[in-house]
Amino acid sequence: MDRIIKIFLLSIGHLMIDLSGIYLINVQYNDYDFSLIVFYFLVYNLIAFGLQPFVGYYADIKNKYFLYVILGLLLPAIGLLLMDFGIVAIIISTIGNAIYHVGGGVISVNMYPDKAAPAGIFVAPGAIGVFLGVYLANKSMSYTPIFIAISLILIILIYYKFKDSEIENKYKKISDNFALIVGLILLVIGIRGFLGSILLFTWVNTLTYQILLVSSIFLGKFFGGILGDRFGFKETGIFGLIASAPLLLLGYSIPILGLIGALFFNFTMAITLFLIIDNLGRFKGFAFGLTTLTLVITFLPKSFGFSIEIGFLYYAVIILLVIIGSYILHRIVILYEINNKRLKE
């Protein structure tokens, strides 16, 4: 029960840092022209996610995971206090975002070795945080004091729960063919990220459906690792990808199919995150950072306006990438199982 409470607190912390950062940048949009908005958005993503491999490597070497969690919650709160300083506030907040992801993610996974569920449980609330950040920024009321208060309460609770715990980085030996496995995993993550960036739905312009879509993404990430632990990574991940393709295509105009497709599509997130972390030995923070850096790279085309209109090319790209992603995931799990068998011999 104690571990469940700890992961719950870390997950809520993840929600709060994403909420605070997105709220911070969105609440300033009304004061800036479009070019500056794009610039700030790129700065936020490049620092928050692109920086993670580097801060993750340092955390792995120095065992700074718990410090990262505390500072990661504190810095976005400071960023909100300094909101009037524009880009300075955003940079402070995004550094906090980067280090919290690494610290909280590794601590969560370490509490349940050999399980993918904690990775999904920790990451999933971020989708809710991003949505709430955008939604609340468009309200006339200022939520800054509330967010700061919640962040400080979380810092106190997390410190209280973890202060007597030994934050140990539990890991296996790095696998012999880790480079191949890591490369394939990043390729699957890149495929998933790119597909997510080009998906089209005609019904997401209403608040109700936006909430339902975010809920589907959250549930897919949350339960992907749990189902993977229960039924197998290969079975859950490949089923999620293959089953999602027709649902996402038909979901272009049929909301219920698109929502179910989004849920299935996100099953692979926790599985691929766990597999890359488990294959890089002590360098779990670095591994976590590689996944976010990959997602940033795959979302860059959309950030610069790239899209594919509905039609043959749209259908072909989605189906082809799902097939390729499923095959690569199949190969990854086989290699992973072979390595685990060797380690036990």
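Just one of the listed residues (I22, I37) is modelled with pLDDT under 85 and either of a type in the set (A, V, I, L, M) or at positive phi (or both), and it is I37.
S197 - would you say it is in contact (Cβ under 8 Å) with a residue 60 or more places away in the chain, in contact with a Pro (Cβ under 9 Å, 6 or more places away or on another chain) and under 30 Å from I254 (Cα atoms)? Walk me through it before giving the result.
Numbers: in contact (Cβ under 8 Å) with a residue 60 or more places away in the chain: yes; in contact with a Pro (Cβ under 9 Å, 6 or more places away or on another chain): yes; under 30 Å from I254 (Cα atoms): yes.
It is true that S197 is in contact (Cβ under 8 Å) with a residue 60 or more places away in the chain, in contact with a Pro (Cβ under 9 Å, 6 or more places away or on another chain) and under 30 Å from I254 (Cα atoms).
G281 satisfies every condition listed in (1) in a helix (DSSP H, G or I); (2) under 21 Å from L184 (Cβ atoms) except (1). Pick from segment 83-121 the residues that are touching a helix residue (DSSP H, G or I) at 6+ places or on another chain (Cβ under 9 Å) and among the charged types (D, E, K, R): which of them is modelled with the lowest pLDDT? Among them, the one singled out is D114. Residues of segment 107-140 that are outside any helix (DSSP H, G or I) and among the polar types (S, T, N, Q): N138, S140.
For segment 304-318, which positions are in a helix (DSSP H, G or I) and exposed (fewer than 14 other Cβ atoms within 10 Å of the Cβ)? Step through it out loud before you land on a result.
The initial filter retains those residues of segment 304-318 that are in a helix (DSSP H, G or I), namely 312-318.
Once the filter is applied, which keeps residues that are in a helix (DSSP H, G or I) and exposed (fewer than 14 other Cβ atoms within 10 Å of the Cβ), segment 304-318 yields F312, L313, A316.
Summed over segment 127-177, the residues that are at pLDDT 85 or above, in contact with a Gly (Cβ under 9 Å, 6 or more places away or on another chain) and among the hydroxyl-bearing types (S, T, Y) give a count of 1. Scanning segment 59-82 for residues that are in a helix (DSSP H, G or I), of a type outside the set (A, V, I, L, M) and more than 20 Å from the chain's Cα centre (by Cα), we see that the one that is modelled with the lowest pLDDT is K62. Scanning segment 60-79 for residues that are under 23 Å from L152 (Cα atoms) and crowded, with 23+ Cβ neighbours inside 10 Å yields Y65, Y68, V69, G72, L73, L75, P76, A77, G79.
The values are calculated or read from the model by the stated rules, or taken from the named source; none is laboratory data. Please read all numbers here as calculations on a predicted model, not as lab measurements. As a convention, Cβ positions derive from the backbone with ideal geometry for all residues, glycine included, and neighbour counts pool all protein chains shown.
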